[in-house]
Amino acid sequence: MSKRKITVAVTGLNAVDSPGPGIAVIRGVKECTDFDVRIIGLSYESLEPGIYMGLCDKTYQIPYPTAGSEALLHRLAFINEKEKIDVIIPNFDAELYNFIKIAPKLKAIGINSFLPTHEQFDARDKINLYAFGQKHGFYVPRDRVIYDVHELPAIAEQFGYPIVVKGKYYEATVAQTLEQAQKAFHKLNAKWGLPIIVQEFINGTEINVAALGDGKGNTVSAVPMRKMVITDKGKAWAGITLEDQSLVDLAAKFISATKWSGGFELEIMRTMDGRPYIMEVNPRFPAWIYLTAGAGQNQPAALVKLALGEKVTPYKTYLVGKLFIRYSWDMIVDVSEFQKISAFGEL
């Protein structure tokens with residue numbers, strides 16, 4: 001019996017030293033045994049490696065999130081007329097607000113998605129995370145949201161050094177001195193804008209959990225991973241799945257509290273006394289999400305089924321001790337391909 005043919009569009013093709021999740025998501029989706037999948041890549045820049053890796057059947061450029069939701073909707077409607085997209089999976093924090101906003105309009109033209117609501121998205125925001133933890137009984141470091149660099153000395157005196165200075169979307173710096181904190185403030189402000197989050201430093205072991213919620217409070221999948229190699233940008237370059245039911249339970253508690261719809265990542269710091277502090281909640285799949293497929297819980301494939309309204313049986317087990325190891329690889333691409341995506345916005 002032939003498999004149903006579907007078209008899935010995916011963002012996040014920047015497979016660089018701080019990679020987007022797109023390539024890992026595509027690999028997981030392609031391994032879905034229920035569908036014959038055609039992949040449409042959605043890029044922001046012409047040199048995103050995922051455009052040229054042979055994983056996308058066709059790639060289109062889309063407007064930056066700052067262009068607004070209407071510009072995004074207009075572009076996706078144009079692409080859909082050509083490609084008849086069944087499911088779309090956005091993979092960047094900064095683009096999610098627009099995608100969530102236009103999700104009903106995309107649905108009306110046949111493009112399904114499986115995203116958190118704006119309320120869910122805002123509740124786990126770095127700005128609101130401490131209050132969220134207080135409300136639902138999670139360990140979350142104390143933090144302060146600031147708009148002026150002159151607020152740093154008082155916060156540092158309250159929290160004590162080191163402190164963690166975070167951008168509102170991405171990146172964090174551990175500052176040992178006021179000078180380092182000020183430098184981090186200005187750097188993050190220039191890159192991501194205000195506000196800046198200053199967080200209490202928690203000493204412990206860093207662990208991440210990739211999970212998928214069904215939107216009704218039930219956990220479809222949760223896989224914990226410990227980073228084994230970390231880049232200078234704090235990204236995992238190698239990691240291993242862990243056998244730890246308490247971490248799976250923590251993800252399930254988060255999903256139950258939020259009724260989270262879609263994929264997400266918990267960044268956890270476990271202290272010496274065993275307390276799991278939630279440092280961040282990333283509202284989409286992490287770049288290491290393909291490890292879930294390798295461990296027997298293919299979260300991207302499961303998300304596609306959920307987006308299409310199909311019943312998905314929650315995963316109960318995963319393989320422990322599965323490693324992912326990321327690597328660099330030089331591709332040779334003809335300049336004509338680069339020129340096509342740059343000039344015409346599609347390849």
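The values are calculated or read from the model by the stated rules, or taken from the named source; none is laboratory data. Note that the structure is predicted; figures quoted are calculated from it, not measured. Counting neighbours? That spans all protein chains shown, and the Cβs are built from the backbone with ideal geometry, glycine included.
With respect to Glu243, determine if the residue is closer than 24 Å to Gly28 by Cα, among the acidic types (Asp, Glu) and not assigned by TED's automatic domain parsing to the domain that holds Gly22. Steps first, please.
On the way: closer than 24 Å to Gly28 by Cα: yes; among the acidic types (Asp, Glu): yes; not assigned by TED's automatic domain parsing to the domain that holds Gly22: yes.
The answer is yes for Glu243.
Within region 143-165, does at least one residue satisfy the condition of being within 20 Å of the chain's Cα centre (by Cα), under 17 Å from Gly204 (Cβ atoms) and not charged (D, E, K, R)?
No, every residue in region 143-165 fails to be within 20 Å of the chain's Cα centre (by Cα), under 17 Å from Gly204 (Cβ atoms) and not charged (D, E, K, R).
Residues checked against (1) buried (at least 17 other Cβ atoms within 10 Å of the Cβ); (2) under 25 Å from Asp122 (Cα atoms); (3) in contact with a strand residue (DSSP E or B) (Cβ under 9 Å, 6 or more places away or on another chain); (4) not β-branched (Val, Ile, Thr):
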{"site": "Glu265", "(1), (2), (3), (4)": "yes, yes, yes, yes"}
{"site": "Arg270", "(1), (2), (3), (4)": "yes, yes, yes, yes"}
{"site": "Thr292", "(1), (2), (3), (4)": "yes, no, yes, no"}
{"site": "Ala301", "(1), (2), (3), (4)": "yes, no, yes, yes"}
{"site": "Leu319", "(1), (2), (3), (4)": "no, no, yes, yes"}
{"site": "Leu323", "(1), (2), (3), (4)": "no, no, yes, yes"}
{"site": "Lys340", "(1), (2), (3), (4)": "no, no, yes, yes"}
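How many of the residues making up region 284-319 are assigned to a helix (DSSP H, G or I) and in contact with a Ser or Thr (Cβ under 7 Å, 6 or more places away or on another chain)?
The first filter runs over region 284-319 and keeps only residues assigned to a helix (DSSP H, G or I), leaving 290-294, 299-307.
Retained after the next criterion (residues that are in contact with a Ser or Thr (Cβ under 7 Å, 6 or more places away or on another chain)): 291-292, 299, 302, 307.
Within region 284-319, residues that are assigned to a helix (DSSP H, G or I) and in contact with a Ser or Thr (Cβ under 7 Å, 6 or more places away or on another chain) number 5.
Quick one: count up the residues across region 241-258 that are farther than 19 Å from Val140 by Cβ, touching a residue at least 40 places away in the same chain (Cβ under 8 Å) and surrounded by fewer than 22 Cβ atoms within 10 Å (Cβ to Cβ).
Adding up the residues that qualify gives 2.
Looking only at region 63-82, count how many residues are of a type in the set (Asp, Glu) and buried (at least 18 other Cβ atoms within 10 Å of the Cβ). Give the steps one after another, and end with the answer.
Within region 63-82, the subset of a type in the set (Asp, Glu) is 70, 81.
Then drop every residue that is not buried (at least 18 other Cβ atoms within 10 Å of the Cβ), which leaves none.
Final tally of qualifying residues: 0.
Only one of (1) free of Cβ contacts under 8 Å to residues at least 60 places away in the same chain; (2) of a type in the set (S, T, N, Q); (3) over 25 Å from Asp122 (Cβ atoms) fails for Asn203. Which number is that?
That leaves (1) as the condition not met.
With respect to the numbered conditions (1) closer than 25 Å to Pro21 by Cβ; (2) at pLDDT 95 or above; (3) buried (at least 16 other Cβ atoms within 10 Å of the Cβ); (4) of a type outside the set (A, V, I, L, M, F, W, C), which one is the sole condition not fulfilled by Gly217?
(3)
Looking at Phe99, is it out of contact with any Pro (no Cβ under 6 Å at 6 or more places or on another chain) and of a type outside the set (D, E, K, R)? Spell out how you get there, then give the answer.
On the way: out of contact with any Pro (no Cβ under 6 Å at 6 or more places or on another chain): no; of a type outside the set (D, E, K, R): yes.
Criteria not met by Phe99.
How about region 173-188: which of its residues are of a type outside the set (D, E, K, R), within 27 Å of the chain's Cα centre (by Cα) and more than 9 Å from Ile163 (Cβ to Cβ)? First the steps, then the outcome.
Restricting attention to region 173-188, the residues satisfying the condition of being of a type outside the set (D, E, K, R) are 173-178, 180-182, 184-186, 188.
Among the residues that remain, those that are also within 27 Å of the chain's Cα centre (by Cα) are: 173-175, 181, 184-186, 188.
Matches in region 173-188: Thr173, Ala184, Phe185, His186, Leu188.
Among the numbered criteria (1) outside the structural domain of Phe264 (by TED's automatic domain parsing); (2) farther than 28 Å from Ser18 by Cβ; (3) of a type in the set (Asp, Glu), which one does Glu310 miss?
Here Glu310 meets the rest and fails (1).
In region 277-310, how many are in contact with a helix residue (DSSP H, G or I) (Cβ under 8 Å, 6 or more places away or on another chain) and free of Cβ contacts under 8 Å to residues at least 24 places away in the same chain?
0
Please specify each residue of region 324-347 satisfying the condition of being outside any loop (DSSP other than H, G, I, E, B) and within 27 Å of the chain's Cα centre (by Cα).
Matches in region 324-347: Phe324, Ile325, Phe338, Ile341, Ser342, Glu346.
From the list Ser46, Ser18, which residue is in contact (Cβ under 8 Å) with a residue 40 or more places away in the chain, surrounded by fewer than 17 Cβ atoms within 10 Å (Cβ to Cβ) and small (Gly, Ala, Ser)? Write out each step before concluding.
Numbers: Ser46 fails: surrounded by fewer than 17 Cβ atoms within 10 Å (Cβ to Cβ).
After ruling out the rest, the residue left standing is Ser18.
Looking at Ala131, Ala156, Ala175, which one is in contact (Cβ under 8 Å) with a residue 24 or more places away in the chain and outside the structural domain of Lys235 (by TED's automatic domain parsing)?
Working: Ala131 fails: in contact (Cβ under 8 Å) with a residue 24 or more places away in the chain; Ala175 fails: in contact (Cβ under 8 Å) with a residue 24 or more places away in the chain.
Of the residues listed, the single one that is in contact (Cβ under 8 Å) with a residue 24 or more places away in the chain and outside the structural domain of Lys235 (by TED's automatic domain parsing) is Ala156.
For region 33-44, check the following and say yes or no: at least one residue is in a helix (DSSP H, G or I) and of a type in the set (Phe, Trp, Tyr).
No, region 33-44 contains no residue that is in a helix (DSSP H, G or I) and of a type in the set (Phe, Trp, Tyr).
I need the full set of residues from region 161-174 which are modelled with pLDDT of 95 or more and surrounded by fewer than 16 Cβ atoms within 10 Å (Cβ to Cβ), in order please.
The answer is Tyr161, and nothing else.
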